[in-house]
Amino acid sequence: MGIIIRQGIKRSIIQFLGVGIGAASTLFIYPLALETYGLAQFLLNTAAFFVPFATLGINALTVRFFPAFKDEQHGHNGFLGFLLGGGLAFFILFIALAWLFRTPFYSFIQWMEFDQELFINNLGYVLAIGFFLVFSGILESWSSNFGRVAIPYIFSNLVQKIGLPVLLLLCYWGTLSLGQFKMSLAGLGFVSLLGLLWYAGSLGQIRLKIRPSMYSPRLLKQMSSYALYGILTSVGALLAFRIDSIMVASMINVKSNGVYNIALFMANAIEIPYLAIAAISAPLIANAFQQGDREHIMSIYRKASLNLLIAGLFVFMGLWICVEDLFRITPRYDELIAGKQVVFFLGIAKVVGMVIGMNNLIIDLSRYYRFNLVSLLLLAGSNIALNYWLIPQFGITGAAMATALSITGYNLVNFMFTLVVLKMQPFSRSTLMVLAFAGISYGAAYWLPETGSPILNILIKGAVLVITFAGPIVYFRISEDIHFILTNFLKKTAIPGPFHKDRNVH
């Protein structure tokens, strides 16, 4: 777990920096322009939805088949050149088909009872953003093959975190027109792509010369099959986890989508450690499957689950206890409070995903990867149906309920498959202890009296959570990885403490 922990920590730090920027933007900038922010999220999510179709799943090959081409001496046999060339060819084909079939597509949108004009007026911007997403995704995954996930995340995510609020302010002040705002939003994707190209080059891993002898008919058939699987799983994931934002914008309005995405941003903060751990774990699990090292996979699964449970519960409890105070320090409390229940339902689903979500990655990289497709597509279909049912009744809260049910159901189905078929489960006595400490800590913070100051409430409740939850976790050495990291930090800073005592409860 050494490299996983190091890169995971670095990426988590960068992600939390992004969360800090995003939090400031969410509280003080996005509420100023809810409609523009809602439109931006519609463009970004719709572009992400088109990416699997535009690439025919070639981006799914980047990690899964890298071990078959890995060869430093021969530039990994030009695998990156194959991925980028294939991605470009498929995207050009997609653009041509999108132009030819635009009229039937718009008719379908109208039949779905979505806002047709919203799609007609923004399709060009969606395609431009999608183009940059395609190649940024390939390059970010490519860097993860070499154990690098921290710096690529700066370009793939932090650029947008910084750029979007700046663009929104310029639009709010009248410096940018709405059209210029949308063009600039696509420009952020271009900046991200340039950064990822530069970083891959700095690693010495931009080698594009393809060795045709490596691409045997048998291997190409396997890759084609997996790429098709990649299309379907990506679309299923987007339908299961992102269709809510598209449907809120299309079935209600972009302003409501702005409120929904502000609440969604808060809930997404819970899974930051999971994204970091999963990104660095994927290549290691892929190699372990290739070598038949089941014990290494089990070790990653169990340690990751425990560490992610601790992190997920800590962030969720802090967020839910302080959510009203967070909304009170914004300039639009009366409008944003409608997103409170969105935070709750999505937050619960994120915590469940933190605990058992690694099983999705394990299945995806095993020979049973097709099962992910079956469960994902079934749950994607149910998510659309639930959104159609719940949004008219409960508005944005209905969208959150639908997505939470889909995410939780998907994770539970895959957990049962991992348990029954692969004979793996991540739980231990430490899991129960973490849950017990969380219950005690939540009760202690929840019943604190209000001070009348939102900021003071947040500080006091946060301090109580640290003392009553993080304190016992560290003191009793619930997680060896967290204990190791903190002990090393204390040694470097020469801070004395009780952490060297042997209180291992495993």
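The values are calculated or read from the model by the stated rules, or taken from the named source; none is laboratory data. Everything numeric in this text was worked out from a predicted model, so none of it was measured. Every residue, glycine as well, gets a Cβ built from its backbone with ideal geometry; the counts of neighbours run over all protein chains shown. Quick note on the areas: whole protein, heavy atoms, side chains included, nothing else; ligands and nucleic acids left out. Shrake-Rupley method; radii C 1.70, N 1.55, O 1.52, S 1.80 Å.
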>> Could you compute Rg(Cα) / (2.2 N^0.38 Å) for the range 59-204, with N its residue count?
In response: 1.24
>> In the chain, if the dipole is taken from +1 on Lys/Arg beta carbons and -1 on Asp/Glu beta carbons about the Cα centre, which of 416, 243, 297 is farthest to the positive end?
In response: 297
> Using θ = phi - 60° and the Karplus form 6.51 cos²θ - 1.76 cosθ + 1.60, what ³J(HN,Hα) does each residue of the range 415-432 get, whole Hz, x for Gly and Pro?
Replying inline: 5, 5, 5, 4, 5, 7, 8, 8, 6, 10, 8, x, 8, 8, 4, 5, 4, 5
>> Under a Cβ-only charge scheme (Lys and Arg +1, Asp and Glu -1), can you give me the dipole magnitude of the chain about the Cα centre, in debye to the nearest 20?
In response: 1400 debye
> At a 1.4 Å probe, what is the % contribution of carbon and sulfur to the accessible area of the chain?
Replying inline: 68 percent
> What is the diffusion coefficient of the range 178-281 in µm²/s, taking the Kirkwood radius over Cα pairs and the Stokes-Einstein relation at 4 °C with a viscosity of 1.567 mPa s?
Replying inline: 71 µm²/s
> Between rounded, prolate and oblate, where does the range 322-370 land on the alpha carbon gyration tensor, with a ≥ b ≥ c its root eigenvalues, rounded for a/c under 1.5, else prolate if a/b exceeds b/c?
Replying inline: prolate
>> What does the extension gain come out to for residue 96 and residue 475, with contour length at 0.36 nm per residue minus their alpha carbon separation?
In response: 130.4 nm
> Per the Cauchy relation, a quarter of the hull surface: what is the mean projected area of the convex hull of the alpha carbons in the range 318-410, in nm²?
Replying inline: 6.9 nm²
> What does the charge count near residue 155 come to, summing +1 for each Lys or Arg and -1 for each Asp or Glu among other residues with Cβ under 12 Å from its Cβ?
Replying inline: +1
> So what's the back-of-envelope 222 nm ellipticity for the chain, counting only DSSP H runs of four-plus at -39500 (n - 2.57) apiece and dividing by all residues, rounded to 500?
Replying inline: -25500 deg cm²/dmol
> What ³J(HN,Hα) values, in whole Hz, does the Karplus curve 6.51 cos²θ - 1.76 cosθ + 1.60 give for the range 181-190 when θ = phi - 60°, with x put for Gly and Pro?
Replying inline: 4, 5, 5, 5, 4, 5, x, 4, x, 5
> Stretched out fully, how many nm does the piece from residue 175 to residue 21 gain, at 0.36 nm a residue minus the Cα gap?
Replying inline: 53.3 nm
>> Please compute one quarter of the surface area of the Cα convex hull for the range 371-433 and express it in square nanometres.
In response: 5.5 nm²
>> Using the Karplus curve 6.51 cos²θ - 1.76 cosθ + 1.60 with θ = phi - 60°, what ³J(HN,Hα) values do you get for each residue of the range 329-345, in whole Hz, with x for Gly and Pro?
In response: 8, 8, x, 9, 4, 4, 8, 6, 4, 5, x, 4, 5, 4, 4, 5, 5
> What does the charge dipole of the range 183-309 about its Cα centre add up to, to the nearest 20 debye, if the Cβ of each Lys and Arg holds +1 and the Cβ of each Asp and Glu holds -1?
Replying inline: 440 debye
> In 10 Å bins starting at 0, how do the alpha-carbon pair distances of the chain split up by percent?
Replying inline: 4, 17, 29, 28, 16, 5, 1, 0
